Amino acid sequence: MTDANESNTRFIFITGGVMSGIGKGVVTASIGKVLQFRGFNISVVKIDPYLNVDPGTLNPIEHGECFITEDVWDFTPVPESDERCYKISEIDQDFGTYSRFLGIEMHPSHNITSGQIYLSTILRERKGKFLGKTVQLIPHVTSIIKKRLMAISESENLDVLLIECGGTVGDLESSIFLEAFRQIKLEYPHRTALVHVTLVPYSRAVGQQKSKPTQHSVKMLQSVGLQPDIIIGRSEKPLADDIKSKISLYSNIPEAAVISNPDLDVVYELPLLFEEQGLGDFLCELIDLKAKLVSYSEVTNYSEWVKMVELYKNASKTVRIAMPGKYFNISDSYISINDALEHAAAHQGYKTELKMINITEDTNIEEVLRDCDGILLTPGFGERAVEGMIKSAEYAMEKKVPFLGICFGAQLFYIAFCRKYLGLTGANSSEIVTDTPYPVVDLLESQKDVTEKGGSMRLGAHKIIIEKNTKLFNAYNQKEIKERFRHRYHIQERFITEEAKQKGMIVSSRDETGKIINSIELNRDDHWMVGTQFHPEFKSRPYAPSKLYFDFIKACIAKKAGNI
Ligand code: GLN
């Protein structure tokens, strides 16, 4: 490699075999955790081999939620040129998992897509950066991939950079990234390790776990010049000893390098299970890392993590939250929200039971909401399920059910209020009905000239100025906070008339200019109903729940106990 990596960063590559969706993100985060227990400064890169520049334009039904970062990145496909840049803050949902496990903020440039790599390659060619050369996958595309990885390892002074490759080995799309891994392994043999995560299915017919799919995927890896150092087998139950030795024999790795990854009730337990199996020490030996002295911190300390896992295991009572909306074909569409609810509940001794209601024209809203202790109205785009979501907000207002509306959910709460209490029949968001008589939710000023899709919403973290004597202030106990946004439309203040105020509508926070409403709530002592234009779920951590979600769950628990 021409640009030698000056730092001493170790690289751990994580690939997947057999099929996708087996929790590679959780494995990556858990490997990061066992390294943090040893005091190492680590970070994670996720490679997504699809051609989208970022996942912001993907369908959450297919791909899960978009995670929003604190910073918005100006991605310049051709550095030092007049070529335009692209705003990126919407990244793969695995970053939510990494942040929750590791408590670190990762810059959006840590999510590398094929779209970014090919855009860089082709636009560089047009700028004459490869003059005289035939531009090829090897070495030109691989070199751009390697430069992206090296830039991160060098600028962030990392001990270890974990690099997870999305998809499964054998996918045409990911092969160029595997080739880049092969080259880095060749250049830095003592500083690299490859962890392969596979599925080990259980055959009921023969009453055995089966290693064959793993053997095949290891062969596939070997055929592109990559030898796994460690294999992590995902299975319902821990891997049986004979299966471990079979995988070891066929994959050409010691038995100690075959690690079990069984289904768990509390995902945060996985790093502890890895420790029990000696993964941390094995890995450190492999890449020649000597454990550092760990300073005390609730995030990186082993015994603190053990305590936290206990807290989750001991949460025994249940609080049932309804989530009326759409996109419920895969549970990942709102994973940060689900997890934020879980964190808030566990720290109050509860488990959450999420009742995800896929609203159709036939849904009887009253009936489906009746048995719930609280309602969370989800973020979203477009008109499907909207009327049912508005009715759900109305139900919460009328029956005084604790309610939290996130972004779209807050906007629909506002619409419900305007229709029901202000008599504004047909009030709507101009996103849903362009010629609504009462556009109570309308485009942000800054969005009026935006024509492009992808990275063009109001994104990233912004300052929020909170009004005193509000439920929002009670939750945060701070006048100024920073939370993350992803929207084009917003609540219109001109409809908050004297009458609206009398009927209980309050603006509880705004942006720094005072022009954008960031949250609303009902001014009621006997009812907790809050809607935020921002997404506090992205900052919720298992050891430090979001304060707003915490108060929402507190209200739900009180409602369940009949205390309000
Ligand atoms: N569609 C709405 C908007 O663009 C809400 C977005 C969201 O829920 N994140 O403002």
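No value in this document is a laboratory result; all are computed from the given coordinates. Given the structure is predicted, the values throughout are model-derived calculations rather than measurements. Cβ placement follows ideal geometry from the backbone for every residue including glycine, while neighbour counts extend to all protein chains displayed.
Quote the FRET efficiency, to the nearest 0.05, computed for GLU255 versus GLN227 with a Förster distance R0 of 22 Å and r equal to the Cβ-Cβ distance.
0.85
Taking the Cα centre of each part, how many Å lie between the stretch 170-218 and the stretch 306-356?
The distance from the Cα centre of the stretch 170-218 to that of the stretch 306-356 comes to 32 Å.
What is the magnitude of the charge dipole of the stretch 352-505 about its Cα centre, with +1 placed on the Cβ of each Lys and Arg, -1 on the Cβ of each Asp and Glu, and no other charges, expressed in debye to the nearest 20?
Once rounded to the nearest 20, the dipole reads 620 debye.
Assuming 0.36 nm per residue, please report the length gained on full extension of the stretch THR497 to MET19 beyond their Cα-Cα distance.
Residue separation times 0.36 nm, minus the Cα-Cα distance, leaves 166.5 nm.
Rounded if a/c is under 1.5, else prolate if a/b beats b/c, else oblate: with a ≥ b ≥ c from the C-alpha gyration tensor eigenvalues square-rooted, which is the stretch 401-453?
oblate
Taking the C-alpha atoms of the chain, how large are the radius of gyration and the largest Cα-Cα span, Dmax, in Å?
24.9, 77
FRET efficiency for VAL294 and LYS219, Cβ-Cβ distance as r, R0 = 56 Å, nearest 0.05?
0.90
Can you give the % of DSSP beta bridges in the chain that are antiparallel, to the nearest 5?
If I count the DSSP bridges inside the chain, around 40 percent turn out antiparallel.
With each label point set 7 Å from Cα along the Cα-Cβ vector, what nm distance links GLU383 and GLU173?
3.1 nm
Could you check what % of the DSSP bridge pairs in the stretch 1-130 are antiparallel, to the nearest 5?
65 percent
Taking the Cα centre of the chain as origin and charging only Cβ (+1 Lys, Arg; -1 Asp, Glu), how large is the dipole, in debye to the nearest 20?
Approximately 260 debye in magnitude.
Rg (Å, one decimal) plus Dmax (Å, integer) for the alpha carbons of the stretch 505-562?
13.2, 41
Projecting each Cα onto the charge dipole of the stretch 346-481 (Lys/Arg +1, Asp/Glu -1 at the beta carbon, about the Cα centre), which of HIS347, TYR395, GLY460 comes out farthest on the positive side?
Farthest towards the positive end: HIS347.
Per-residue counts of other Cβ atoms within 10 Å, averaged by peptide: what ranking do you get for 282-295, 15-28, highest first?
Ranked from most to least packed, the peptides come out as 15-28, 282-295.
So what is the calculated 222 nm ellipticity per residue for the chain, using -39500 (n - 2.57) for each DSSP H run with n of 4 or more, over all residues, to the nearest 500 deg cm²/dmol?
Calculated mean residue ellipticity at 222 nm is -10000 deg cm²/dmol.
How big is the stretch 52-194 by the Kirkwood estimate over distinct Cα pairs, in Å?
For the stretch 52-194, the Kirkwood estimate is 16.5 Å.
For a quick size check, give me the Cα extents of the stretch 62-120 along its three principal axes, largest first, whole Å.
Principal axes ranked by extent give 38, 25, 13 Å for the Cα atoms.
Past the 21 Å Cα-Cα mark, which pairs from LYS355/LYS559; LYS24/LYS482; LYS326/LYS554; LYS244/LYS290; LYS87/LYS463?
LYS24/LYS482; LYS326/LYS554; LYS244/LYS290
Report ³J(HN,Hα) in whole Hz for each residue of the stretch 81-89, in order, from the Karplus equation J = 6.51 cos²θ - 1.76 cosθ + 1.60 where θ = phi - 60°; Gly and Pro get x.
Residue by residue, the stretch 81-89 yields 8, 8, 5, 5, 10, 10, 7, 10, 9 Hz.
Identify, among ILE144, HIS107, ASN157, the residue whose Cα sits farthest towards the positive end of the charge dipole of the stretch 86-180, taking +1 on the Cβ of Lys and Arg and -1 on the Cβ of Asp and Glu, with the dipole about the Cα centre.
Farthest towards the positive end: ILE144.
Please work out the ratio of the alpha-carbon Rg of the stretch 223-317 to 2.2 N^0.38 Å and round it to two decimals.
Normalised Cα radius of gyration, the stretch 223-317: 1.28.
Determine, from the Cβ-Cβ distance of VAL135 and ASP362 and an R0 of 45 Å, the FRET efficiency 1/(1 + (r/R0)^6), rounded to the nearest 0.05.
0.20
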